[in-house]
1. Residues that are under 21 Å from the mean Cα position of the chain (by Cα) and within 30 Å of LYS276 (Cα to Cα): find the strands (runs of 3 or more DSSP E) completely inside segment 166-254 holding 3 or more of those.
2. Considering segment 84-137 alone, what residues qualify as being over 30 Å from VAL74 (Cβ atoms), in a loop (DSSP other than H, G, I, E, B) and among the hydroxyl-bearing types (Ser, Thr, Tyr)?
3. I'm checking my understanding of the structure. Among residues of segment 1-47 that are among the charged types (D, E, K, R) and under 17 Å from LEU318 (Cα atoms), which one is farthest from the chain's Cα centre (by Cα)?
4. Can you tell me which residue within segment 295-323, out of those that are among the polar types (S, T, N, Q) and under 17 Å from CYS66 (Cβ atoms), is surrounded by the fewest Cβ atoms within 10 Å (Cβ to Cβ)?
5. Being surrounded by fewer than 18 Cβ atoms within 10 Å (Cβ to Cβ), β-branched (Val, Ile, Thr) and in contact (Cβ under 8 Å) with a residue 12 or more places away in the chain is true for just one of VAL5, VAL52, VAL38, VAL20. Which residue is that?
6. Scan segment 159-179 and tell me whether some residue there is crowded, with 17+ Cβ neighbours inside 10 Å, in the same structural domain as ASP281 (by TED's automatic domain parsing), basic (Lys, Arg) and touching a helix residue (DSSP H, G or I) at 6+ places or on another chain (Cβ under 7 Å).
7. Applying the selection to segment 184-226, what residues are out of contact with any Phe, Trp or Tyr (no Cβ under 7 Å at 6 or more places or on another chain) and among the basic types (Lys, Arg)?
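The values are calculated or read from the model by the stated rules, or taken from the named source; none is laboratory data. Everything numeric in this text was worked out from a predicted model, so none of it was measured. Backbone-built Cβ (ideal geometry, glycine too); neighbour counts: all protein chains shown.
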Amino acid sequence: MTYRVLYPSMRWPANREIEVASMGDLGTAEMCDGFEEVTQEQWAQCDALVTVNDVPAEYRAKLNKCRILVTPKVGFDNLDLNAWSALGIPICNIPDYGTMEVADHAMALMLSLMKGITFHTRELKLSPAQNWRPALNPYGKRLSVCTLGLVGMGRIGTAVALRAKAFGMDVVFYDPYLSNGVDLAIGVRRVHSLGELFGQSDVVSLHLPLSDATRKLINAEVLAESKPGLILVNTARGPIIDLDALYQAMKNNQVQAAGLDVLPEEPANPDHPLIKAWAADEEWIDHRLVLTPHSAFFTPESVYDMRFKPGEVALTYLSTGRLQNCVNEELIGERR
């Protein structure tokens with residue numbers, strides 16, 4: 001039997017050989033550039049869906065055979081889990097495609113600030129001779145005397161912890177959802193409140209999903225408990241940080257610097273006070289904020305995995321019944 005895997009809104013406009021290759025002999029990939037281009041017959045007869053964006057209700061109503069939806073990314077907060085669960089359709093993500101890349105990027109943001117990479121580059125560009133000042137590093141510290149705090153100790157958090165340990169850093173984490181013993185398994189410390197974590201960390205890096213519980217989790221109250229000189233790194237989801245609170249914390253020197261790959265609004269809102277001050281090179285924020293455009297995940301290798309793995313996950317379920325990375329299994333069970 002050959003299964004029909006529908007890609008109703010392709011993220012990659014050309015060169016679709018990767019998706020086709022992921023089908024092997026088990027399936028066929030049917031690719032459309034937008035939901036409105038999918039035919040009635042394709043909606044009705046597809047066995048699986050692969051999509052970054054949620055399928056509007058008007059199109060969900062046309063599904064007759066679909067047995068699984070795979071979203072080719074880690075986050076699934078943009079998908080209506082209740083609606084898909086009501087249809088009995090499992091939703092699976094691809095949590096492992098960018099683990100190494102995001103962990104590397106979190107370390108890169110930390111190192112860029114702590115080793116003055118962007119600071120020295122910009123200063124030297126202004127005057128290569130006059131600003132050749134190797135002893136001037138505003139946030140430099142020996143990494144092995146620093147504590148790295150991790151909020152979230154899943155795949156990426158663990159990968160960051162192992163990298164930081166290789167630098168000799170003391171690693172501590174906060175994750176109320178993990179069972180006991182994770183700290184012992186990889187030789188890190190555990191705390192049981194954000195306040196305790198922020199109060200002892202020189203750097204805090206965020207590695208948790210976005211949900212109602214984590215939206216603006218890093219707020220003014222949490223930032224007020226920061227150890228003096230804190231550097232905050234976020235490669236997870238932008239809305240986890242209350243950006244207004246971060247602006248005030250940096251303005252008041254509660255937080256020394258921040259490296260952000262994600263923001264609550266993307267692209268960056270040029271009118272937000274923090275972004276506006278950074279873009280205008282205001283003196284108070286100079287060299288204290290490093291931004292990257294949600295690019296932590298991006299390498300040729302991760303893009304390949306992002307495009308190949310969804311087909312594998314869909315066809316494994318269709319051909320064997322084995323679910324991988326299902327994010328709504330409990331909701332489906334509640335409706336049975």
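1. Working: elements: 170-174, 203-206, 230-234.
Once the strands (runs of 3 or more DSSP E) in segment 166-254 are filtered for at least 3 residues that are under 21 Å from the mean Cα position of the chain (by Cα) and within 30 Å of LYS276 (Cα to Cα), what remains is 203-206, 230-234.
2. At the first step, the residues of segment 84-137 found to be over 30 Å from VAL74 (Cβ atoms) are 116, 119-137.
Of the ones still in play, those that are also in a loop (DSSP other than H, G, I, E, B) are 116, 127-137.
Matches in segment 84-137: SER127 only.
3. Within segment 1-47, the first condition is being among the charged types (D, E, K, R), and the residues that meet it are 4, 11, 16-17, 19, 25, 30, 33, 36-37, 41, 47.
Those left that are additionally under 17 Å from LEU318 (Cα atoms): 4, 19, 25, 30, 47.
Values: ARG4: 30, GLU19: 23, ASP25: 33, GLU30: 28, ASP47: 29 Å.
Checked segment 1-47; the qualifying residue farthest from the chain's Cα centre (by Cα) is ASP25.
4. Filtering segment 295-323 for residues among the polar types (S, T, N, Q) gives 295, 299, 302, 316, 319-320.
Now narrow it down to the ones that are under 17 Å from CYS66 (Cβ atoms): 316, 319.
Working: THR316: 16, SER319: 13.
Out of the qualifying residues, it is SER319.
5. On the way: VAL5 fails: surrounded by fewer than 18 Cβ atoms within 10 Å (Cβ to Cβ); VAL38 fails: surrounded by fewer than 18 Cβ atoms within 10 Å (Cβ to Cβ); VAL20 fails: in contact (Cβ under 8 Å) with a residue 12 or more places away in the chain.
Testing whether each residue is surrounded by fewer than 18 Cβ atoms within 10 Å (Cβ to Cβ), β-branched (Val, Ile, Thr) and in contact (Cβ under 8 Å) with a residue 12 or more places away in the chain leaves just VAL52.
6. Start the filter on segment 159-179 by keeping residues that are crowded, with 17+ Cβ neighbours inside 10 Å, which leaves 159-161, 163-164, 169-175.
Imposing the further condition that a residue be in the same structural domain as ASP281 (by TED's automatic domain parsing) reduces the set to 159-161, 163-164, 169-175.
With the extra rule that they be basic (Lys, Arg), the set shrinks to 163.
So of that shortlist, the ones also touching a helix residue (DSSP H, G or I) at 6+ places or on another chain (Cβ under 7 Å) come out as 163.
Yes, because at least one residue in segment 159-179 is crowded, with 17+ Cβ neighbours inside 10 Å, in the same structural domain as ASP281 (by TED's automatic domain parsing), basic (Lys, Arg) and touching a helix residue (DSSP H, G or I) at 6+ places or on another chain (Cβ under 7 Å).
7. ARG189, ARG215, LYS216
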